[in-house]
1. Under the rule of -39500 (n - 2.57) per DSSP H run of 4 or more residues, summed and divided by the residues of the chain, what mean residue ellipticity at 222 nm is obtained, to the nearest 500 deg cm²/dmol?
2. Quote to one decimal, in nm, the extra length available between Asp165 and Thr33 on full extension: 0.36 nm per residue of separation minus the C-alpha distance between them.
3. For segment 55-105, just the Cα atoms, rotate onto the principal axes and tell me the three extents in Å, largest first.
4. Sorted from largest down, what three extents in whole angstroms do the Cα atoms of segment 104-236 have along their principal axes?
5. What's the Cα-based Rg to Rh of segment 196-307, Rh via Kirkwood?
6. Under a cut-off of 25 Å between alpha-carbon atoms, report the lysines in cross-link reach of Lys189, not counting same-chain residues fewer than 8 places apart.
7. What does the accessible area per residue of the chain come to in Å², with a 1.4 Å probe and no ligands, DNA or RNA counted?
8. Can you give the FRET efficiency for Ser216 and Asn45, using 1/(1 + (r/R0)^6), R0 = 51 Å, r = Cβ-Cβ distance, to the nearest 0.05?
Amino acid sequence: MSAAQRIGPLFTDLYELTMAASYFDNRIFSEATFSVFVRDTSRRNYFVAAGLEDALRELEAFQFSEDELTYLRGTGLFSEAFIDHLKGLRFTGTIHALPEGTIFFPNEPVLEVTAPLIESQIIETFILNTIGFQTNVASKGARCVYAAKDRPLVDFSLRRTQGQDAGLKVARSTFLVGFSGTSNVLAGKQFGLPVSGTMAHSYILAFDREIDAFASFAKTFPESSVFLIDTYDKLEGARNAAKVALEMQARGHALLGVRLDSGDMADLSRQVRKLLDKAGLPHVKIYASSGFDEFEIMDIISHDAKIDAFGVGTKLGVSADVPY
């Protein structure tokens, strides 16, 4: 995975720096150990460690730039002696951490920092932010993977995640726990992840007829088409998809699948499966998206849904039930 840009030591809460300045004035340079663990466990009984790579990369590059020191000097809060101390500051401590992807439990440290107190204090906010968010999303993703019972899952959360950086971190964290890919093209490039996507309702609406939209997409992507079939009438959409799939088959190509994005997906998927099988298209898979997380996935599977794979979006990307 390629290196991300440096964030820098100003990614911290002000009180970390004011405490560090007071340690410096009072000559407190002893080592301290900070432990990262999860204490509020009312909605989770296990977690999956994530974010360590980002944390270690940043600590390796830990250094205040001249521009950052100029900013701190301009706040008027810090002595010139402390600013000068920060100028030569590097991270000299040690990190003990669970490897990414490791399951851990409530009150079990996922990471511990041992370093001179000023160093460990300044990096506290960064460590909590980095490990906390990615671990939360990885834990949510792992629950979805378990609920899906070997069905592939794709991260569809980018348009709803809370910021650009979050979108990238969600793609990485979910792949870490078993997702097969992401819709996030930048994450695909940055982390080397498989990217996946189909079409939106706006694409269907751009054509006079739904079947024309399917045929046009198949012309552009004869080996990788998945048709969204619920823009107008879901079963009629499936019939139109079957017609185009048979035309593709006659030309030596195969439709990969159809996607449902609304409605009673358990019942619809059973009806669509019968329709496709009757048309001689048992290889065409049924994908489902819209509002899924581990609870919805488990529920729809328990109702004998004929879903082959899920796109999991908003509830995953913001960890909707446990957002922090």
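The values are calculated or read from the model by the stated rules, or taken from the named source; none is laboratory data. Worth saying up front: this structure is predicted, and the values here are computed from it rather than measured. Note: ideal-geometry Cβ built from the backbone for every residue, glycine included; neighbour counts use all protein chains shown. The area values use the complete protein model at the heavy-atom level, side chains included, leaving out ligands, DNA and RNA. Shrake-Rupley method; radii C 1.70, N 1.55, O 1.52, S 1.80 Å.
1. Working: 14 runs with 149 residues, N = 324.
Theoretical 222 nm ellipticity from helices: -14000 deg cm²/dmol.
2. Numbers: separation 132, 0.36 × 132 = 47.52 nm, distance 2.85 nm.
Contour length minus the Cα-Cα distance gives 44.7 nm.
3. On the principal axes, segment 55-105 reaches 45, 19, 16 Å in Cα extent.
4. Ordered largest first, segment 104-236 gives principal extents of 67, 29, 24 Å.
5. On the way: Rg = 13.4 Å, Rh = 14.0 Å.
Result for segment 196-307 is an Rg/Rh of 0.96.
6. Partners within reach: Lys140, Lys169, Lys315.
7. Working: 15990 Å² over 324 residues.
With all protein chains present, the chain gives 49 Å² per residue.
8. 0.55
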